[in-house]
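Heads up, the thing below is written out as C-alpha coordinates.
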Amino acid sequence: MIEANLNSENNIFLINKPLGWTSFDAVKKIRNILLKRFSPLSFGEGMGVRRLKVGHAGTLDPLASGLLVICTGKMTKRISEIQLLEKEYTGAFVLGATTPSYDRETEINATSDFSHVTTTMLYDAIKQFTGKILQAAPLHSAKKIEGKRAYDFARKGKDIELKPVEVFIHSFEITGINLPEVSFKVVCSKGTYIRSLANDFGRTLGCGAYLASLSRTRIGNYLLADAVTPEEFSEKQVSINLLPA
(Lines give C-alpha, C1' and ligand atoms only; values in the text may rest on other atoms or scores of the structure.)
Protein backbone atom coordinates (compact mmCIF):
# COMPACT_ATOMS: atom_id res chain seq x y z
CA MET A 1 0.00 0.00 0.00
CA ILE A 2 1.50 3.36 -1.06
CA GLU A 3 0.38 6.61 0.50
CA ALA A 4 -1.30 8.72 -2.18
CA ASN A 5 -0.69 12.42 -2.53
CA LEU A 6 -4.13 13.75 -3.35
CA ASN A 7 -2.76 17.28 -3.45
CA SER A 8 -1.22 16.34 -6.78
CA GLU A 9 -3.12 15.94 -10.01
CA ASN A 10 -0.52 13.60 -11.53
CA ASN A 11 -1.28 10.07 -10.37
CA ILE A 12 -1.83 6.51 -11.57
CA PHE A 13 -4.55 4.65 -9.65
CA LEU A 14 -5.28 0.93 -9.80
CA ILE A 15 -9.02 0.35 -9.62
CA ASN A 16 -10.89 -2.95 -9.35
CA LYS A 17 -13.81 -2.28 -11.69
CA PRO A 18 -17.00 -3.89 -10.43
CA LEU A 19 -19.14 -6.15 -12.58
CA GLY A 20 -21.82 -4.13 -14.37
CA TRP A 21 -19.87 -0.88 -14.42
CA THR A 22 -18.53 0.58 -17.66
CA SER A 23 -14.95 1.78 -17.69
CA PHE A 24 -16.34 5.30 -18.07
CA ASP A 25 -18.44 4.80 -14.91
CA ALA A 26 -15.24 4.08 -12.96
CA VAL A 27 -13.38 7.03 -14.46
CA LYS A 28 -16.30 9.35 -13.67
CA LYS A 29 -16.48 8.10 -10.07
CA ILE A 30 -12.76 8.62 -9.43
CA ARG A 31 -12.81 12.01 -11.15
CA ASN A 32 -15.72 13.22 -9.01
CA ILE A 33 -13.98 12.07 -5.83
CA LEU A 34 -10.81 13.93 -6.77
CA LEU A 35 -12.67 17.06 -7.82
CA LYS A 36 -14.30 17.28 -4.40
CA ARG A 37 -10.92 17.03 -2.70
CA PHE A 38 -8.84 19.36 -4.85
CA SER A 39 -8.92 23.13 -4.55
CA PRO A 40 -8.55 25.25 -7.71
CA LEU A 41 -5.08 26.22 -6.50
CA SER A 42 -3.97 22.61 -6.84
CA PHE A 43 -3.95 23.07 -10.60
CA GLY A 44 -2.15 26.38 -10.79
CA GLU A 45 -3.34 29.89 -11.34
CA GLY A 46 -5.91 30.29 -14.10
CA MET A 47 -6.87 26.62 -14.14
CA GLY A 48 -10.23 25.49 -12.80
CA VAL A 49 -10.97 22.32 -10.92
CA ARG A 50 -13.16 21.12 -13.77
CA ARG A 51 -10.12 20.83 -16.04
CA LEU A 52 -8.74 17.81 -14.21
CA LYS A 53 -7.75 15.20 -16.79
CA VAL A 54 -8.73 11.62 -15.98
CA GLY A 55 -8.57 8.64 -18.33
CA HIS A 56 -8.11 4.87 -18.34
CA ALA A 57 -5.56 2.65 -20.06
CA GLY A 58 -7.68 -0.10 -21.57
CA THR A 59 -11.43 -0.59 -21.66
CA LEU A 60 -13.21 -3.36 -19.78
CA ASP A 61 -16.70 -4.43 -20.88
CA PRO A 62 -19.52 -3.98 -18.34
CA LEU A 63 -19.74 -7.77 -17.95
CA ALA A 64 -16.03 -7.97 -17.14
CA SER A 65 -14.47 -7.03 -13.82
CA GLY A 66 -10.93 -6.47 -12.68
CA LEU A 67 -7.99 -4.16 -13.14
CA LEU A 68 -8.52 -0.72 -14.60
CA VAL A 69 -5.51 1.60 -14.67
CA ILE A 70 -6.72 5.18 -14.24
CA CYS A 71 -4.37 8.08 -14.95
CA THR A 72 -4.85 11.69 -13.85
CA GLY A 73 -3.26 14.99 -14.82
CA LYS A 74 0.05 14.74 -16.63
CA MET A 75 0.08 10.98 -16.12
CA THR A 76 -2.63 10.71 -18.80
CA LYS A 77 0.27 11.08 -21.25
CA ARG A 78 1.29 7.54 -20.26
CA ILE A 79 -2.03 5.97 -21.26
CA SER A 80 -0.84 4.93 -24.73
CA GLU A 81 2.31 3.41 -23.24
CA ILE A 82 0.37 1.43 -20.64
CA GLN A 83 -2.14 0.21 -23.23
CA LEU A 84 0.69 -1.51 -25.13
CA LEU A 85 1.55 -3.73 -22.15
CA GLU A 86 0.50 -7.38 -22.12
CA LYS A 87 -2.75 -8.24 -20.35
CA GLU A 88 -3.68 -11.21 -18.15
CA TYR A 89 -7.26 -12.45 -17.79
CA THR A 90 -9.04 -15.24 -15.98
CA GLY A 91 -12.57 -16.41 -16.66
CA ALA A 92 -14.78 -19.16 -18.01
CA PHE A 93 -16.25 -20.28 -21.33
CA VAL A 94 -19.53 -22.17 -21.65
CA LEU A 95 -19.54 -24.82 -24.38
CA GLY A 96 -22.53 -25.87 -26.44
CA ALA A 97 -24.05 -22.45 -27.08
CA THR A 98 -23.33 -19.14 -28.81
CA THR A 99 -24.56 -15.57 -28.49
CA PRO A 100 -24.35 -12.67 -30.99
CA SER A 101 -22.09 -10.71 -28.62
CA TYR A 102 -19.98 -13.79 -27.79
CA ASP A 103 -20.77 -13.25 -24.08
CA ARG A 104 -23.79 -12.90 -21.74
CA GLU A 105 -24.71 -9.43 -22.99
CA THR A 106 -27.07 -10.97 -25.55
CA GLU A 107 -29.34 -14.01 -25.46
CA ILE A 108 -28.25 -17.45 -26.67
CA ASN A 109 -29.00 -17.74 -30.39
CA ALA A 110 -27.88 -21.32 -31.00
CA THR A 111 -27.13 -24.47 -29.03
CA SER A 112 -25.16 -27.57 -29.96
CA ASP A 113 -24.28 -30.94 -28.48
CA PHE A 114 -20.93 -30.91 -26.67
CA SER A 115 -20.93 -34.53 -25.50
CA HIS A 116 -18.15 -35.38 -27.96
CA VAL A 117 -15.72 -32.93 -26.31
CA THR A 118 -12.96 -34.67 -24.35
CA THR A 119 -10.23 -33.32 -22.08
CA THR A 120 -7.70 -34.15 -24.78
CA MET A 121 -9.66 -32.10 -27.31
CA LEU A 122 -9.70 -29.11 -24.97
CA TYR A 123 -5.95 -29.17 -24.45
CA ASP A 124 -5.32 -29.72 -28.16
CA ALA A 125 -7.58 -26.75 -29.01
CA ILE A 126 -5.71 -24.25 -26.84
CA LYS A 127 -2.52 -25.00 -28.77
CA GLN A 128 -4.18 -23.50 -31.85
CA PHE A 129 -4.69 -20.24 -29.98
CA THR A 130 -1.16 -19.67 -28.70
CA GLY A 131 1.32 -17.36 -30.38
CA LYS A 132 0.37 -15.17 -33.35
CA ILE A 133 -3.24 -15.66 -34.38
CA LEU A 134 -5.74 -13.84 -36.57
CA GLN A 135 -8.82 -12.65 -34.74
CA ALA A 136 -11.90 -10.63 -35.71
CA ALA A 137 -13.53 -8.33 -33.15
CA PRO A 138 -17.12 -9.11 -32.09
CA LEU A 139 -19.78 -7.18 -33.97
CA HIS A 140 -21.06 -6.09 -30.56
CA SER A 141 -17.87 -4.14 -29.77
CA ALA A 142 -16.48 -0.62 -29.82
CA LYS A 143 -14.34 -1.42 -32.86
CA LYS A 144 -14.58 1.46 -35.34
CA ILE A 145 -15.89 0.76 -38.84
CA GLU A 146 -16.18 3.67 -41.26
CA GLY A 147 -16.02 6.08 -38.34
CA LYS A 148 -18.77 4.34 -36.37
CA ARG A 149 -18.67 1.80 -33.55
CA ALA A 150 -19.38 -1.78 -34.61
CA TYR A 151 -22.12 -2.08 -31.97
CA ASP A 152 -24.03 0.74 -33.70
CA PHE A 153 -24.36 -1.49 -36.77
CA ALA A 154 -25.21 -4.51 -34.62
CA ARG A 155 -28.00 -2.67 -32.80
CA LYS A 156 -29.52 -1.73 -36.15
CA GLY A 157 -29.39 -5.34 -37.30
CA LYS A 158 -26.83 -4.62 -40.02
CA ASP A 159 -24.48 -7.44 -40.89
CA ILE A 160 -20.99 -6.10 -41.57
CA GLU A 161 -17.67 -7.84 -42.01
CA LEU A 162 -14.95 -7.20 -39.45
CA LYS A 163 -11.57 -8.10 -40.90
CA PRO A 164 -9.32 -10.30 -38.74
CA VAL A 165 -6.22 -8.68 -37.28
CA GLU A 166 -3.09 -10.25 -35.85
CA VAL A 167 -2.86 -10.53 -32.06
CA PHE A 168 -0.47 -12.45 -29.86
CA ILE A 169 -1.47 -14.96 -27.18
CA HIS A 170 1.53 -15.38 -24.87
CA SER A 171 -0.11 -18.19 -22.91
CA PHE A 172 -3.50 -19.92 -22.79
CA GLU A 173 -4.10 -22.25 -19.85
CA ILE A 174 -7.09 -24.34 -18.84
CA THR A 175 -7.47 -23.96 -15.08
CA GLY A 176 -10.62 -26.01 -14.55
CA ILE A 177 -13.06 -28.28 -16.41
CA ASN A 178 -16.65 -28.74 -15.31
CA LEU A 179 -18.47 -29.17 -18.60
CA PRO A 180 -20.07 -27.28 -20.14
CA GLU A 181 -17.89 -24.74 -18.30
CA VAL A 182 -14.16 -24.42 -18.95
CA SER A 183 -12.10 -22.07 -16.76
CA PHE A 184 -9.00 -20.43 -18.21
CA LYS A 185 -6.14 -17.97 -17.82
CA VAL A 186 -4.89 -16.01 -20.83
CA VAL A 187 -1.93 -13.67 -21.23
CA CYS A 188 -2.23 -11.68 -24.45
CA SER A 189 -1.31 -8.59 -26.42
CA LYS A 190 -3.17 -5.30 -26.75
CA GLY A 191 -6.24 -5.60 -28.97
CA THR A 192 -7.11 -9.18 -28.07
CA TYR A 193 -10.82 -9.86 -27.58
CA ILE A 194 -11.36 -12.68 -25.10
CA ARG A 195 -14.98 -12.87 -26.28
CA SER A 196 -13.74 -13.65 -29.78
CA LEU A 197 -11.32 -16.18 -28.33
CA ALA A 198 -14.27 -17.92 -26.66
CA ASN A 199 -16.25 -17.96 -29.91
CA ASP A 200 -13.31 -19.24 -31.97
CA PHE A 201 -12.46 -21.84 -29.32
CA GLY A 202 -16.01 -23.20 -29.46
CA ARG A 203 -15.98 -23.30 -33.24
CA THR A 204 -12.75 -25.30 -33.20
CA LEU A 205 -14.35 -27.82 -30.82
CA GLY A 206 -17.39 -28.09 -33.10
CA CYS A 207 -19.93 -27.13 -30.45
CA GLY A 208 -19.79 -23.36 -30.05
CA ALA A 209 -18.95 -21.41 -26.90
CA TYR A 210 -19.47 -18.03 -25.29
CA LEU A 211 -17.69 -16.06 -22.58
CA ALA A 212 -19.47 -16.53 -19.24
CA SER A 213 -17.16 -14.53 -16.96
CA LEU A 214 -14.00 -12.47 -17.24
CA SER A 215 -11.62 -10.66 -14.90
CA ARG A 216 -8.49 -8.73 -15.86
CA THR A 217 -5.82 -9.60 -13.33
CA ARG A 218 -2.76 -7.83 -14.71
CA ILE A 219 -1.57 -5.13 -17.12
CA GLY A 220 2.20 -5.33 -17.44
CA ASN A 221 3.45 -5.09 -13.84
CA TYR A 222 0.22 -3.52 -12.57
CA LEU A 223 -1.68 -6.11 -10.53
CA LEU A 224 -5.33 -6.53 -9.62
CA ALA A 225 -4.10 -7.63 -6.18
CA ASP A 226 -2.90 -4.04 -5.63
CA ALA A 227 -6.16 -2.42 -6.77
CA VAL A 228 -9.06 -1.01 -4.75
CA THR A 229 -12.74 -0.77 -5.62
CA PRO A 230 -14.28 2.66 -6.33
CA GLU A 231 -16.03 2.45 -2.97
CA GLU A 232 -12.75 1.72 -1.16
CA PHE A 233 -11.13 4.60 -3.03
CA SER A 234 -13.89 6.91 -1.82
CA GLU A 235 -13.71 5.68 1.78
CA LYS A 236 -9.93 5.69 2.18
CA GLN A 237 -9.13 8.66 -0.06
CA VAL A 238 -5.58 9.03 1.24
CA SER A 239 -4.46 5.45 1.88
CA ILE A 240 -5.11 4.11 -1.60
CA ASN A 241 -3.15 2.08 -4.08
CA LEU A 242 -1.11 4.41 -6.22
CA LEU A 243 1.71 3.97 -8.70
CA PRO A 244 4.38 6.66 -8.21
CA ALA A 245 4.58 9.30 -10.92
Identify the residue in the range 170-199 that is over 23 Å from Leu139 (Cβ atoms) and small (Gly, Ala, Ser) and, among all such residues, is farthest from the chain's Cα centre (by Cα).
Gly176
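Out of the range 59-72, which residues are surrounded by 19 or more Cβ atoms within 10 Å (Cβ to Cβ) and of a type outside the set (A, V, I, L, M)?
So in the range 59-72, the residues surrounded by 19 or more Cβ atoms within 10 Å (Cβ to Cβ) come out as 60-61, 64-72.
Asp61, Ser65, Gly66, Cys71, Thr72 - these are the residues of the range 59-72 that are surrounded by 19 or more Cβ atoms within 10 Å (Cβ to Cβ) and of a type outside the set (A, V, I, L, M).
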Just to verify a result, which residue in the range 89-139, among those that are small (Gly, Ala, Ser) and farther than 14 Å from Cys207 by Cα, is modelled with the lowest pLDDT?
Ala137
Which number in (1) charged (D, E, K, R); (2) at pLDDT 95 or above; (3) in contact with an Asp or Glu (Cβ under 9 Å, 6 or more places away or on another chain) marks the one condition that Glu86 misses?
(3)
Search the range 79-95 for residues being part of a strand (DSSP E or B) and among the small types (Gly, Ala, Ser), and hand back the single one that is nearest to the chain's Cα centre (by Cα).
Gly91
I'd like to verify a number: residues in the range 89-100 that are farther than 20 Å from Phe114 by Cβ and either in contact with an Asp or Glu (Cβ under 7 Å, 6 or more places away or on another chain) or of a type in the set (S, T, N, Q) (or both), how many?
1
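The values are calculated or read from the model by the stated rules, or taken from the named source; none is laboratory data. These figures come from a predicted structure and were not determined experimentally. Neighbour counts run over all protein chains shown; Cβ positions are idealised from the backbone, glycine included.
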